[in-house]
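Written below as structure tokens is the structure these notes are about.
The values are calculated or read from the model by the stated rules, or taken from the named source; none is laboratory data. Computed from a predicted structure; not experimentally measured. Ideal geometry is used to build each Cβ from the backbone, glycine not excepted, and the neighbour counts take in all protein chains shown.
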Amino acid sequence: MKRVIIGLSGGVDSSVAAYLLQQQGYEVIGLFMKNWHDDSVTISNECPWLDDSNDAMLVAEKLGIPFQTVDLSEQYKERIVDYMFNEYEKGRTPNPDVLCNREIKFDVFMKIALELGADYVATGHYCRKGTIEKDGNEIYQLLAGVDDNKDQSYFLCQLSQDQLAKSLFPIGELTKPEVREIAMELDLVTAEKKDSQGLCFIGKVKLPDFLQQQLKPKEGIIVEIPSNQGVFNQETPQFHSKEEELEYLSRKIDYKVDLGKVVGKHQGAHYFTKGQRKGLAVGGTVEPLFVIDTDVKENVIYTGQGKNHPGLYKKVLFITNKELHWVRPDLALKTGETMQVMARIRYRQSLEEAILHKVESGLYIEFKNFQSAITEGQFAAWYLDDELVGSGVIS
């Protein structure tokens, strides 16, 4: 019997995944990852991880599989939390869930599992794994989950071939309602449990509250830039190469306070992200205000009225070589090469047609249509059909 260690999170997805593995004849062991217990930054009195680990234990008991808790909070703080604060301080918006998978679940956790004699690590992600032969080598594919509504391949966009080789995703062929149905039939305690919201590690805490623990509030101004402002209507220069054009189209507009009017105050530019509408607390505008840019050095938030404001839209983004990742290294582009793909810049966004352009310094993604709120620090991921082949941090 092959041994599989599954990350039991105390949710319905991983519970059903564990059951399916049993049905497939694996020896299954459940491990609960405790990623956070720094009491200095729990804002609510609720202790979600205790409830979750309890539910995970009850599921393991019901299925008759061994169970234990592993404390990964030290590595978590170092690799995820510190990284997040660092990114926010730079005015970028990181994605803790993507990082959590790359750094914790499929790295630290996977190493522990393999030390415990596991052949595979499994999770309750809605995605699938494929295997193909190419030039005599086995190549692993990261495929979208069958449930379009729940596909979570995006969150695994930073996985490597080595990590995929040792991974199993038992519920990838199922839809969420089917998973719930199985849990009901088995009478699992998690069958009707709501999906967890909030940060992937501290449960029910809202991100700004968490950030305020480390990044001290400092008052700054909110500036509204009118949509007819000249910076949006500049004449397009002549380009001598495609790369010059891509560089121009992906550029960051250099906003200045005198391009608009001061409409309010905020408590710290690093708490805000591009495309954000809530939390600005500025009234009296015809259409709601959206954040079009933040300047953390000067502590200024630039906003525009309405979701069609030109400051929100771009067609091209750039990823540096250092932050470029190919899930399928055999498909990696060489300088000067291009690739037609479907891409997304955030989870749950529908896939959009795009062309990848590999240049000396990195990779440009040129979308067919304008994209709203392309945000530095977030991950862009690209697909060929239903296979996620690469990703990178938007720079």
Self-check item: Those strands (runs of 3 or more DSSP E) lying entirely in the stretch 337-395 with at least 3 residues surrounded by fewer than 22 Cβ atoms within 10 Å (Cβ to Cβ)
Solution: 338-344, 352-359, 362-372
Exercise. Would you please name the residue that is surrounded by the most Cβ atoms within 10 Å (Cβ to Cβ), looking only at residues in the stretch 277-293 that are part of a loop (DSSP other than H, G, I, E, B), in contact (Cβ under 8 Å) with a residue 40 or more places away in the chain and within 26 Å of the chain's Cα centre (by Cα)?
Key: Leu280
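Out of all the residues in the stretch 122-139, which are in a strand (DSSP E or B) and either at pLDDT below 95 or surrounded by fewer than 20 Cβ atoms within 10 Å (Cβ to Cβ) (or both)?
Answer for the stretch 122-139, where residues must be in a strand (DSSP E or B) and either at pLDDT below 95 or surrounded by fewer than 20 Cβ atoms within 10 Å (Cβ to Cβ) (or both): Lys129, Gly130, Thr131, Ile132, Glu133, Lys134, Asn137, Glu138, Ile139.
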Practice problem: Mind telling me which of the residues Ile112, Ile65 ends up being assigned by TED's automatic domain parsing to the domain that holds Phe210, surrounded by fewer than 22 Cβ atoms within 10 Å (Cβ to Cβ) and part of a helix (DSSP H, G or I)? | Solution: Ile112
Practice problem: Take the stretch 211-252 and flag every residue that is surrounded by 15 or more Cβ atoms within 10 Å (Cβ to Cβ), modelled with pLDDT under 95 and not in a helix (DSSP H, G or I). | Solution: Leu215
Quiz item: Going through the stretch 1-54 one residue at a time, which ones are out of contact with any strand residue (DSSP E or B) (no Cβ under 6 Å at 6 or more places or on another chain), at pLDDT below 95 and charged (D, E, K, R)?
Solution: Asp38, Asp39, Glu46, Asp51, Asp52
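Give Asp195, Asp151, Asp119, Asp162 a once-over and let me know the one that is modelled with pLDDT of 95 or more, under 22 Å from Tyr347 (Cα atoms) and assigned by TED's automatic domain parsing to the domain that holds Val70. Outline the logic, then answer.
Numbers: Asp195 fails: modelled with pLDDT of 95 or more; Asp119 fails: under 22 Å from Tyr347 (Cα atoms); Asp162 fails: under 22 Å from Tyr347 (Cα atoms).
Exactly one residue qualifies, and that residue is Asp151.
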Exercise. Answer with yes or no whether Gly311 is on the phi > 0 side of the Ramachandran plot and either crowded, with 20+ Cβ neighbours inside 10 Å or not aliphatic (A, V, I, L, M) (or both).
Key: no
